[in-house]
1. Would you be able to say whether some residue in region 33-51 is at pLDDT 90 or above, among the hydroxyl-bearing types (Ser, Thr, Tyr) and in a helix (DSSP H, G or I)?
2. Under 9 Å by Cβ, and 6 or more places apart or on different chains, what pairs join a residue from region 48-66 that is under 23 Å from GLY255 (Cβ atoms) with one that is acidic (Asp, Glu)?
3. Please list, ordered by first then second residue, the pairs with beta carbon atoms under 8 Å, 6 or more apart or interchain, first in region 155-172 and without any contact (Cβ under 8 Å) to a residue 60 or more places away in the chain, second loosely packed, with under 15 Cβ neighbours inside 10 Å.
4. Output the number of the condition that ILE229 fails; it satisfies all remaining conditions of (1) surrounded by fewer than 23 Cβ atoms within 10 Å (Cβ to Cβ); (2) in contact (Cβ under 8 Å) with a residue 40 or more places away in the chain; (3) touching a Lys or Arg at 6+ places or on another chain (Cβ under 7 Å).
5. From ALA54, ALA73, which residue is in contact with a Gly (Cβ under 7 Å, 6 or more places away or on another chain), of a type in the set (Gly, Ala, Ser), modelled with pLDDT of 85 or more and surrounded by 12 or more Cβ atoms within 10 Å (Cβ to Cβ)?
6. Where residues in region 120-137 are at pLDDT below 85 and not acidic (Asp, Glu), which of them is surrounded by the most Cβ atoms within 10 Å (Cβ to Cβ)?
7. Would you point out the residue of region 150-163, among those that are outside any helix (DSSP H, G or I) and at negative phi, that is surrounded by the fewest Cβ atoms within 10 Å (Cβ to Cβ)?
8. Confirm whether TYR147 is over 29 Å from SER165 (Cα atoms) and either in contact with a helix residue (DSSP H, G or I) (Cβ under 6 Å, 6 or more places away or on another chain) or buried (at least 16 other Cβ atoms within 10 Å of the Cβ) (or both).
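The values are calculated or read from the model by the stated rules, or taken from the named source; none is laboratory data. Since we're looking at a predicted model, the values are computed, not measured. All Cβ positions, even for glycine, are placed from backbone atoms using ideal geometry, and neighbour counts span all protein chains on display.
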Amino acid sequence: MTTTSAPPQAPRSPEAPRPKRRLGDRVFAGTTTGAGVLILLVLAGVAIFLISEAWPAIVAPAGDIPGGKGLTAYIAPLLFGTLLAAVIALLVATPLAVAIALYITYYAPRRLASGMGYVIDLLAAIPSVVYGFWGIAALAPALVPFYGWAEKHLGFLPFFAGPASATGRTMLTAGIMLAVMILPIISAISREVFSQAPALHREAALALGATRWEMIRMAVLPYGKSGVIGGAMLGLGRALGETLAIAIVLSASGGITFNLISSSNPNTIAANIALQFPESTGLDVNTLIASGLALFVITLAVNMLARWVVNRRADFSGAN
């Protein structure tokens, strides 16, 4: 009877010693970790402050809240106006920003493209008060004839029911002004995403006889879709929190309405806080802070959604 012996096992190689981290690497890693933790602590501190200061208004009787109808009835029109202005800005700015990004990336000559990109990025550096003065002095009067035409020919739609504002200080004017303000954000992110579209995909589309637009439609836009959405969400976060420009341009009277060309417009949360806070005391201040808490939650949710959408680009497996 023969027995088979197991083959001899190869000797285990000794584990390589881990490289010792240099002092500079440890300091840099600790600094970056501390910065990340600090940001989280600041964000948590802001949230705790808002909740603690808004709590008296949250638990207060409805009759003690300004307007006498409770906190929900006070915040709801402001929240509606905030979302309405931001959505108008997003609908106007996103197609224009994508078109500008595509032109600069794939159509414009190199010298013109660099200059245009620089000028568009400069729009983000203009202070809000300048946009507000431009909106009330130039944009609003320029839109008054259009509002009269819209009331006459499109008055059957609730958005243009009228009566048309004689000053142009309407929700549509505020939305268009916000669109100009968030245009650089969406355009910059879209340009970056479009420029990183896989070169092999673009060259293959052109080699197969596709026109430049067909190449963009088949190879560039599918790759950059998530980046465009993320940029639009970041622009939406900027539009939600805009304060001074809206306070200057918008003629607010409260209430909830979809009429975009009349003088009766809902206010926004940020503009209402800026206008009412200097003269408020006691529970009125807590009510304003409670509305700020609602804006904080919405803005945080929008930016988290934008970050999630942008990070999905890491899952794209294409050749560069």
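1. No: region 33-51 contains no residue that is at pLDDT 90 or above, among the hydroxyl-bearing types (Ser, Thr, Tyr) and in a helix (DSSP H, G or I).
2. Listed pairs, sorted by first residue: ALA57/ASP64; ALA57/ASP284; ILE65/ASP284; PRO66/ASP284.
3. GLY168/PRO141; GLY168/ALA142
4. The failed condition is (3).
5. When all the criteria are applied, what remains is ALA73.
6. Within region 120-137, the match that is surrounded by the most Cβ atoms within 10 Å (Cβ to Cβ) is ILE120.
7. Among those that are outside any helix (DSSP H, G or I) and at negative phi, it is PHE156.
8. For TYR147, the condition - over 29 Å from SER165 (Cα atoms) and either in contact with a helix residue (DSSP H, G or I) (Cβ under 6 Å, 6 or more places away or on another chain) or buried (at least 16 other Cβ atoms within 10 Å of the Cβ) (or both) - is not met.
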